[in-house]
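Here's the structure we're looking at; comments come further down.
The values are calculated or read from the model by the stated rules, or taken from the named source; none is laboratory data. A quick note: this is a predicted structure, and the numbers were derived from the prediction, not measured. Cβ atoms come from the backbone with ideal geometry, glycine included; neighbour counts cover every protein chain shown. SASA here: full protein model, heavy atoms, side chains in, ligands and nucleic acids out. Shrake-Rupley method; radii C 1.70, N 1.55, O 1.52, S 1.80 Å.
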Amino acid sequence: LQSHQPNVITTAQKKQQKQWLALTVRCLHSLCTLIETNPEAVGRLTSSMNATPRHEFHQVLLEWLQFSQETVGLEQSGAAASKGKHGAGDDQQQKKQFYADIMTLTARTLHSAWDDNAELLVPWKEECPEAFTHALKLIQSIVSSGSPNQHIPVLTKLHATGCLVTARPYYLTAAGKDADVQLLQHVVLPNLIPHLQLDWTTAQALLERYQAALTKWQSEEADDALERDVIRQVQDRKESARSI
């Protein structure tokens, strides 16, 4: 993987580049589906007998994640510069979409593989502590707000947030106990809030409806409990319910 592009590339090279990007998207989509649906695939990554698949899995995904993050910004600048040129804007937009898909798929694959999977995260952290730390910094940079990240897809940010939350217990062993609150308060929540359309009036109305439904359920549950108690006493005493 190269993080830079040649100044001048031919039409044939542009076509080949798009073909490779399209193939990469297909391959990453297949890998993501495999991780999410096939326990044996995840089992190979977590096998303590052979660490190679675990290392290669993380290395490839993190390289693509970093490369696509850097390139999305470059492609956005290129698209702005090419605006108005016949065909150039469409070509840049298509490439930008490829890189956006790559970012989302890599983040989603990592999220799916890491989720509730200490058998994968703990050995990898112990074997490659520098790579583990670099991964968290890279993912946190994607989650963080700011102009460099304004063109990163929302789904990418959400899966990256999931990665941070999942890796949080292992991250905290080195960062200290207060890092838990700091991570949630200053990274995770600020990332999620802009994507929530929260109307406090609607939220209050829903809360009131929930409270009314809860009160009604509790009342009905108490009535049912009383009825069951009466039935039990009738059966025990063999007397009429009216006399009880």
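Residue 29 fulfils the conditions (1) open to solvent by less than 60 Å² (accessible area, probe 1.4 Å); (2) under 13 Å from residue 104 (Cα atoms); (3) not aliphatic (A, V, I, L, M) except for a single criterion, (1).
This table checks each residue for (1) acidic (Asp, Glu); (2) at pLDDT 85 or above; (3) surrounded by 19 or more Cβ atoms within 10 Å (Cβ to Cβ).
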residue: 112; (1), (2), (3): no, yes, yes
residue: 136; (1), (2), (3): no, yes, yes
residue: 148; (1), (2), (3): no, no, no
residue: 151; (1), (2), (3): no, no, no
residue: 155; (1), (2), (3): no, yes, no
residue: 166; (1), (2), (3): no, yes, yes
residue: 171; (1), (2), (3): no, no, yes
residue: 203; (1), (2), (3): no, no, no
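Summed over region 206-222, the residues that are modelled with pLDDT of 85 or more and open to solvent by less than 100 Å² (accessible area, probe 1.4 Å) give a count of 10.
Counting only residues that are of a type in the set (Gly, Ala, Ser), modelled with pLDDT under 85 and not in a helix (DSSP H, G or I), region 43-90 holds 4 of them.
Scanning region 58-69 for residues that are in contact (Cβ under 8 Å) with a residue 60 or more places away in the chain and either open to solvent by 30 Å² or more (accessible area, probe 1.4 Å) or among the aromatic types (Phe, Trp, Tyr) (or both) yields 59, 63, 64, 66, 67, 69. Residue 55 meets all of the listed conditions (1) crowded, with 19+ Cβ neighbours inside 10 Å; (2) touching a residue at least 40 places away in the same chain (Cβ under 8 Å) but one, namely (1).
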